[in-house]
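What follows is a single structure, written as structure tokens, with notes after it.
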Amino acid sequence: MTAEDHRKFLEMDFSDAKLEELADIGKIRIDRKKSVEEKKRQYLNQVKNPYLVKVGDTMVKIRFANNGVSFEDAFENLLLMA
């Protein structure tokens, strides 16, 4: 993902997306035996926009506080749980 892609995805909001075009996070499959880097690649290839997904018929916008856990750390923790 390029820096430009990252900014574009981060700035997207519900009004910019169509529910049927979002990845359903419940259908994402990650190979647990792969390295963290490969898990990241698999997730991003399937979800496209890591900040705007759906769970069933509900759109979900993912945001992180500036003073909390970084996106990188939260993402790695998510993949390690999978």
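Can we say residue 69 is among the β-branched types (Val, Ile, Thr) and farther than 17 Å from residue 6 by Cα? Before you say what the answer is, go through the steps one by one.
Values: among the β-branched types (Val, Ile, Thr): yes; farther than 17 Å from residue 6 by Cα: yes.
It is true that residue 69 is among the β-branched types (Val, Ile, Thr) and farther than 17 Å from residue 6 by Cα.
Residues to consider are 22, 10, 44; find the one that is over 21 Å from residue 80 (Cα atoms), within 12 Å of the chain's Cα centre (by Cα) and open to solvent by 40 Å² or more (accessible area, probe 1.4 Å).
On inspection, the qualifying residue turns out to be 10.
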Has region 16-26 got any residue that is in contact with a Leu (Cβ under 6 Å, 6 or more places away or on another chain), touching a residue at least 40 places away in the same chain (Cβ under 8 Å) and part of a helix (DSSP H, G or I)?
-> no
What about residue 37, is it on the phi < 0 side of the Ramachandran plot, open to solvent by less than 80 Å² (accessible area, probe 1.4 Å) and not in a loop (DSSP other than H, G, I, E, B)?
-> no
Considering only residues of region 62-73 that are out of contact with any helix residue (DSSP H, G or I) (no Cβ under 6 Å at 6 or more places or on another chain) and surrounded by 13 or more Cβ atoms within 10 Å (Cβ to Cβ), which is modelled with the highest pLDDT?
-> 62
Do the conditions hold for residue 17, that is, is it at pLDDT 85 or above, surrounded by 10 or more Cβ atoms within 10 Å (Cβ to Cβ) and small (Gly, Ala, Ser)?
-> yes
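The values are calculated or read from the model by the stated rules, or taken from the named source; none is laboratory data. Remember, predicted model here, so these are calculated numbers, not experimental data. Ideal geometry is used to build each Cβ from the backbone, glycine not excepted, and the neighbour counts take in all protein chains shown. Side chains included, ligands, DNA and RNA excluded: accessible areas come from the protein's heavy atoms. Shrake-Rupley method; radii C 1.70, N 1.55, O 1.52, S 1.80 Å.
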